[in-house]
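One structure is given below, encoded as structure tokens.
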Amino acid sequence: MSRVLFAAAEAAPFYKTGGLGDVSLALPKALIKDGVELRVVIPYYKKLFPEKYRTKIKELMYFQVQVGAKSKYCGIKTLTLDGVDYYLIDNEEYFGRDNIYGYWDDGERFAFFQLAICEMLEKINYIPNVIHCNDWHTAFIPVLLKDKYNWIDSYRHIKTVLTIHNIQFQGVYDPVILDSLFGIGMRTFDEGTVEFYGNVNFMKGGIYCADAVTTVSPSYAEEIQTPEFGESLDGILRDNSYKLQGIVNGIDTQIYDPATDPNIFSHYQVDDMNNKVKDKHDLQKSLGLPQVDVPIFAVVSRLTRQKGMDLLLDTLNDFLHKYDAQVIVLGTGDPDLEAGFRGYQEAFPNKFVAAIEFDVRLAQQIYAGSDVFVMPSAFEPCGLSQMMAMRYGSVPLVHSVGGLRDTVKPYNHFTGEGTGFGFNDYRSEVLGKMMGYAYNLYCDEPKAWQKIRFQGMKKDFGWQKSAQKYRQLYQELSD
């Protein structure tokens, strides 16, 4: 059996900023259920840690970690939740902040985190067969194991997996950090392992030094090997394609279940959808929309250009004038996009709602009450919202890239197959036409609509299949 340490900068239910937090909750649980011996290590963001879990924390030990010439306190706390053992790396200076990311010293903060993980293994008496690293915040661990800690006998057999959740974020810093933070020489820089246009790139080092590299969908694994999506690492990824694969994320089907979700107004399931209409009318009422039977097009997203929100803004004027539909947008993001959506709410108060906020409960109510879930992302490594939407019977309409292509099968009018709608040509006119097509199908062909919705709700987006693929990968590396 593989012994795994899963390392990440965030993990729900303690804290999350996006998909990484969701994955760091659900994948370890699924792997343990599948028989993998696994523990999770995350930073202890003291100010952000939920009060209700604090009583479960136990103090394990503390020691000093050398960050370049500086000796820094490192506390190790432990906590067990839902059968998963967590290690929490504690340092008030680095992690006692109001947010997880966005600081001038993020490079130093996560350099400390990675050094602390390497330093703690012998001290806590947990030497894994595999360290599963996630994104740039832990991508330098494979480099450290090969360059700084290769003299430790018990570390030499440790294999590493690096999962790229979003290659846009790479951890790029001045080469001085190799000495001033990591306390290593320039060998990895001079050999090109971590060098990136004169800087040090955490992600590049991880790709070269990890024993296996994964992404969160098969299509994204192909896309990031091209200049269009590779963020200047496409050549490095092509060089390492022999150890690169895409394993699509899943969702926690116990949490995201319209039959039991405590956040939604009324419960329903695929074989009895009557209450979905109640959810729709209660959603309309709660947001001040007329309670009429028109299709609701919904967005739950960061309001950024990466998520295609500029494309959506460009379609709304024509769409809202032309069709008797309602549109709901929930999220926060770029100020100009937020302002644009607010403007439409003022212009179309009976047809458009801009909820510029982060509200988990409202998000679930939107999944349950909407008819079409719009995700026009410019790129999407995996995406979870489209799977959640299908689970609640909201039909996804997506730009067919990355994980959206892998999880949403476009509707075929002739065969009746499909779970949603997809478009390839990334232009606002095309998005608008696809939204119009979905509107007409909803209004004119209710039986076809019910079939699409049914086929989406019946899809299995749980973590079991993905966990089995990771378990197999761990086993191959450990043998």
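Since every read-out is calculated from the coordinates, none of them should be taken as a lab result. Given the structure is predicted, the values throughout are model-derived calculations rather than measurements. Note: ideal-geometry Cβ built from the backbone for every residue, glycine included; neighbour counts use all protein chains shown.
Annotation: for a label point projected 7 angstrom from Cα along Cα→Cβ of ILE152, residues of the range 9-46 with backbone N closer than 17 Å are 39-42. Each principal axis of the Cα cloud of the range 32-108 was taken in turn, and the coordinate range along them, longest first, works out to 41, 24, 22 Å. Taking other C-beta atoms within 10 Å as the exposure proxy, ASP174, ASP334 rank ASP174, ASP334 from fewest upward.
With a simple spin-label model that places each label point 7 Å from the Cα along the Cα-to-Cβ direction, the separation between LEU81 and TYR197 comes to 3.8 nm. Among the GluC sites (Glu not before Pro) within the range 388-479, those in coil by DSSP and having at most 13 neighbouring Cβ atoms inside 10 Å are GLU417. Put a dot 7 Å past the Cα of HIS321, heading toward its Cβ, do the same for GLN464, and the two dots end up 5.1 nm apart. Size of the range 215-289: Rg and Dmax of its alpha carbons, in Å, are 20.8, 55.
In this structure the amide hydrogen of ASP85, modeled in the peptide plane, comes within under 5 Å of the amide hydrogens of VAL40, none closer than 5 places in sequence on its chain. Calculate I(q)/I(0) for the range 274-457 by the Debye formula, one identical point scatterer on each C-alpha and no solvent, and give its log10 at q = 0.10, 0.18 Å⁻¹ to two decimals. The calculated log intensity ratios at q = 0.10, 0.18 Å⁻¹ are -0.33, -1.22. The orientation-averaged projection of the convex hull spanning the C-alpha atoms of the range 92-199 amounts to 7.5 square nanometres.
Using the alpha carbons alone, the radius of gyration of the chain stands to its Kirkwood radius in an Rg to Rh ratio of 0.99. Label-to-label distance, PHE169 versus GLU445, with points set 7 angstrom from Cα along the beta-carbon direction: 4.1 nm. With Cα atoms defining each centre, the range 325-356 and the range 1-54 are spaced 34 Å apart in the structure.
As an exercise, find the ratio Rg/Rh for the range 32-75 from alpha-carbon atoms, using the Kirkwood inverse-distance average for Rh. Let's see the in-between values first.
On the way: Rg = 14.7 Å, Rh = 13.5 Å.
Across the range 32-75, the Cα-based Rg/Rh ratio is 1.08.
For the chain, the dipole from Cβ point charges (+1 on Lys and Arg, -1 on Asp and Glu) about the Cα centre works out to 1080 debye, to the nearest 20.
Sorted from fewest to most neighbouring beta carbons within 10 Å, what does the list CYS118, CYS133, CYS443 look like?
Working: CYS118 19, CYS133 27, CYS443 15.
By the 10 Å Cβ count, ascending: CYS443, CYS118, CYS133.
Would you calculate, for the chain, the mean residue ellipticity at 222 nm contributed by helices, counting each DSSP H stretch of 4 or more residues as -39,500 (n - 2.57) and dividing by all residues, to the nearest 500?
Details: 19 runs with 183 residues, N = 479.
Using -39500 (n - 2.57) per qualifying helix, the result is -11000 deg cm²/dmol.
Projecting the Cα atoms of ILE89, VAL67, MET375 onto the charge dipole of the chain (Cβ charges, centred on the Cα centre) puts ILE89 farthest toward the positive pole.
Expected output is a single nm value to one decimal: the length gained when fully extending between LYS433 and ASP179, i.e. 0.36 nm times separation in residues minus the C-alpha distance. What is it? Walk me through the numbers before you get to the answer.
Numbers: separation 254, 0.36 × 254 = 91.44 nm, distance 5.52 nm.
That works out to 85.9 nm of additional length.
Give me the mean projected area, in nm² to one decimal, of the convex hull enclosing the Cα positions of the range 1-64. The partial results should precede the final answer.
On the way: hull surface 22.0 nm².
It is 5.5 nm².
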